[in-house]
Amino acid sequence: MKKNNLAEIAKLIRYYILTSTTEAGSGHPSSSLSATDLMAVLMFGGWFRFDADNIQNPNNDRLIFSKGHAAPLLYSLWTAAGKLTEKELLTLRKFDSPLEGHPSMAFPYTEAATGSLGQGLSVGVGMALNAKYLDKLPYKTYVLLGDSEMSEGSVWEAIDLAAFYKLDNLIGLIDVNRLGQTGETKYGHDTRAYAKRVAAFGWDTIEVDGHSIVKISHAFKQAAHAKGKPIMIIAKTIKGKGVSFIENKNGWHGKTLDKDLLNKALFELGPVKKGLTADIAPPAKKSPAKSTPKQIKTEKYKKPTATRYAYGQALIKLHYKYPDLVVLDGETGNSTYAEMFKAVYPDRFFEMFIAEQNMAGVALGLSARGKIPFVSTFAAFLTRAFDQIRMSQYSRANIKFIGSHAGVSIGQDGPSQMGLEDIAMFRSVGDCVVLYPADAIATEKLIEAAAKHKGLVYTRTTRAATPILYGDKDEFKIGGSFTLKKSRADIATVIAAGITLPEALAAYEELKKDGLVIRVIDLYSIKPLDLATLQKAAQETKRIITVEDHRPEGGLGEAVLGALAQTTATVVQLAVAKAPKSGAPAELLAYENIDKDAIISAVKTGVQDTNINQLEKRKND
């Protein structure tokens, strides 16, 4: 590659930042200007290696803007690289433009959608893990961080894990520009404060003048020779650098220059070489390592088995069919049964420890590099990673989340361990699939369906052993259901999933003794729903009873209510409405009115209501 004039390129990038944000009338020019020199040296100084004509090249270095509000800088860098025209750049933040306010996948050079601060380093850890331990490629991962987001706990979860895995191919860049959205950041311009804290976690740190091209180049040279430790470059910068009247001044975060101030700023900046394009160093030429899993047969299910156990079994069998599969767990592997996979494929298993936000971000990084991450922990603990899960949809992630120990049926461990909001949480995420199998066979088949599906999938598993209800020839698909009991004489339909399905079947047997027959549907796919089956049941039985080990808000019952809103069927929800407590699983199911007896009562109440209505109608007639 030719040697680039980095000072001229940095000036051109500042010009692009200023003109594009003024044209947009919104954006974050001051935060972009502060990191301009740092990023210009990285991309065009020979350190960043990337084939810009082949974005999918597996050897390309990765660059993540965790400081997502500096998107004008990201787009300006690629304009300087000749991959955007100035005309295209001036569409920043317009409705039909791929240049959104924070980086999104609409822009092809975006590695992951960012903007919710504190998440980018976790994504970078996932990409670095992939390079070092899976693909075994020499690419490096760079993550631009803002000093404000260093207050986010997820950043420190990522810093801790990166040191544990000795990710010397990961380079963090902190833009210490002193000013946040409302005032001075926690440590101002004290780069030593950041260096001491990051170093305490086991990183090598480099403090640098973030506006000295020579010193920045030297810092990247040091980082290039890292051995055994990740590197954090901590750059002291000036917010708004290059525009004297906003430099280091509060009140300019997220504020653009009007036309008059833009002209004043451009006069200060001086002449720029608009036709200038900068070269990026080419990446290495190396093929990714290939995973060669073996075909493994697991045990047949003959007795009641916990669906969480079946999850572990499924992973072992599936890796042969899906060689890109990897497993992450939040130090719960002996409960989620992810440890089964670890025992057979230790090189494809990554312990994430008790840091669920980071675990979700790492999964996104692995997904972005073509892996199929299965992520497991207790369902309750996934709720603390909701922002990362929410953001992953905008990165077009292919992640499979598994939440075990769901509902009050976990028993004596008490409310803190009970996942009661997880279905609602995952149902609210874009196109995320939500599955809730009732037995071991259904679990294995739905885990395979999840692996095959391209996108986000959440599978809910249970702690208790449940009876085997299905056979090997039964088929399960996303968007499906199973009608286990059905007749022309059905007086109501009971819809259940997971742990409440055996309760519904037990209720069926008891009611049958009294001459009352109900339909029982296993709604194992809560999103998307089997609308045709639900609507047919509503039409034929007129009364629907949903029963779930979950809060009524956002769960199975509300999903069914939404699906049947245009019908005349009565829908009764049985769900966890009381504050739960410790106790035996059966006690808790009864306490929350989601057990066999509660279902029987709901059915008989419906019969009584029908009889009363019929009597009233006869009287009126």
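The values are calculated or read from the model by the stated rules, or taken from the named source; none is laboratory data. Only a predicted model underlies this, so the values are computations on that prediction, with no experimental measurement involved. Don't worry about glycine lacking a Cβ; one is built from the backbone with ideal geometry, like all the others, and counts go over all protein chains shown.
What the table shows:
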quantity: Pairs with Cβ under 6 Å, 6+ apart, first in the range 593-608 and in the same structural domain as residue 501 (by TED's automatic domain parsing), second basic (Lys, Arg); calculated: 606/543
quantity: Pick from the range 374-394, criterion buried (at least 22 other Cβ atoms within 10 Å of the Cβ) and not hydrophobic (A, V, I, L, M, F, W, C), ranking: farthest from residue 449 (Cα to Cα); calculated: 388
quantity: Whichever residue in the range 504-521 is buried (at least 20 other Cβ atoms within 10 Å of the Cβ) and in contact (Cβ under 8 Å) with a residue 60 or more places away in the chain and, among such residues, is nearest to residue 462 (Cα to Cα); calculated: 504
quantity: Total residues in the range 221-249, condition more than 24 Å from residue 9 (Cβ to Cβ) and either surrounded by 14 or more Cβ atoms within 10 Å (Cβ to Cβ) or aliphatic (A, V, I, L, M) (or both); calculated: 5
quantity: Near pairs, Cβ below 7 angstrom, 6+ apart or cross-chain, from the range 278-295 (more than 21 Å from residue 348 (Cα to Cα)) to any residue that is in a loop (DSSP other than H, G, I, E, B) and of a type in the set (Phe, Trp, Tyr); calculated: 280/48; 280/50; 281/48; 283/50; 283/139
quantity: Output for the range 278-292, where each listed residue is at pLDDT below 95 and surrounded by 15 or more Cβ atoms within 10 Å (Cβ to Cβ); calculated: 291
quantity: Selection count, the range 145-158, where residues are closer than 15 Å to residue 365 by Cα and either among the aliphatic types (A, V, I, L, M) or surrounded by fewer than 24 Cβ atoms within 10 Å (Cβ to Cβ) (or both); calculated: 2
quantity: The range 77-98: number of residues that are surrounded by fewer than 24 Cβ atoms within 10 Å (Cβ to Cβ), of a type outside the set (D, E, K, R) and part of a loop (DSSP other than H, G, I, E, B); calculated: 9
quantity: Within the range 319-337, considering residues that are more than 19 Å from the chain's Cα centre (by Cα) and small (Gly, Ala, Ser), the one nearest to residue 305 (Cα to Cα); calculated: 335
quantity: Matching residues, the range 469-486, being closer than 12 Å to residue 444 by Cβ and surrounded by 18 or more Cβ atoms within 10 Å (Cβ to Cβ); calculated: 470, 476
quantity: Which listed residue is over 21 Å from residue 396 (Cα atoms) and either outside the structural domain of residue 153 (by TED's automatic domain parsing) or surrounded by 23 or more Cβ atoms within 10 Å (Cβ to Cβ) (or both), from 322, 345; calculated: 345
quantity: Matching residues, the range 474-502, being under 33 Å from the mean Cα position of the chain (by Cα) and charged (D, E, K, R); calculated: 474, 475, 477
quantity: Listing of helices (runs of 4 or more DSSP H) fully contained in the range 138-253 that carry 3 or more residues being under 23 Å from the mean Cα position of the chain (by Cα); calculated: 153-164
quantity: Qualifying position, being in contact (Cβ under 8 Å) with a residue 24 or more places away in the chain, touching an Asp or Glu at 6+ places or on another chain (Cβ under 8 Å) and either within 19 Å of residue 522 (Cβ to Cβ) or assigned by TED's automatic domain parsing to the domain that holds residue 549 (or both), among 446, 456, 435, 501; calculated: 501
quantity: In the range 77-93, the residues that are touching a residue at least 24 places away in the same chain (Cβ under 8 Å) and more than 30 Å from residue 152 (Cα to Cα); calculated: 79, 80, 81, 82, 83, 86, 89, 90
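Condition check ((1) closer than 24 Å to residue 426 by Cα; (2) touching a residue at least 40 places away in the same chain (Cβ under 8 Å)) across all residues:
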position: 463; (1), (2): yes, yes
position: 470; (1), (2): no, no
position: 474; (1), (2): no, no
position: 480; (1), (2): yes, yes
position: 483; (1), (2): no, yes
position: 486; (1), (2): no, no
position: 489; (1), (2): no, no
position: 492; (1), (2): no, yes
position: 496; (1), (2): yes, yes
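One line per residue, one yes/no per condition, for (1) closer than 22 Å to residue 229 by Cβ; (2) modelled with pLDDT of 95 or more; (3) touching a Phe, Trp or Tyr at 6+ places or on another chain (Cβ under 9 Å); (4) not small (Gly, Ala, Ser):
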| position | (1), (2), (3), (4) |
| --- | --- |
| 83 | no, yes, yes, yes |
| 93 | no, yes, no, yes |
| 96 | no, yes, no, yes |
| 141 | yes, yes, no, yes |
| 159 | yes, yes, yes, yes |
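Quick grid of which residues meet (1) in a helix (DSSP H, G or I); (2) among the β-branched types (Val, Ile, Thr); (3) in contact with a strand residue (DSSP E or B) (Cβ under 7 Å, 6 or more places away or on another chain):
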| site | (1), (2), (3) |
| --- | --- |
| 472 | no, no, no |
| 484 | no, no, yes |
| 488 | no, no, no |
| 505 | yes, no, yes |
| 515 | no, no, no |
| 532 | yes, no, no |
| 537 | yes, no, yes |
| 545 | no, yes, yes |
| 562 | yes, no, no |
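The rows are residues; the columns are (1) within 30 Å of the chain's Cα centre (by Cα); (2) crowded, with 24+ Cβ neighbours inside 10 Å; (3) assigned to a helix (DSSP H, G or I); (4) free of Cβ contacts under 8 Å to residues at least 40 places away in the same chain.
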residue	(1), (2), (3), (4)
8	no, no, yes, no
32	yes, yes, yes, no
52	yes, no, no, no
57	yes, no, no, no
70	yes, yes, yes, no
75	yes, yes, yes, no
102	yes, no, no, yes
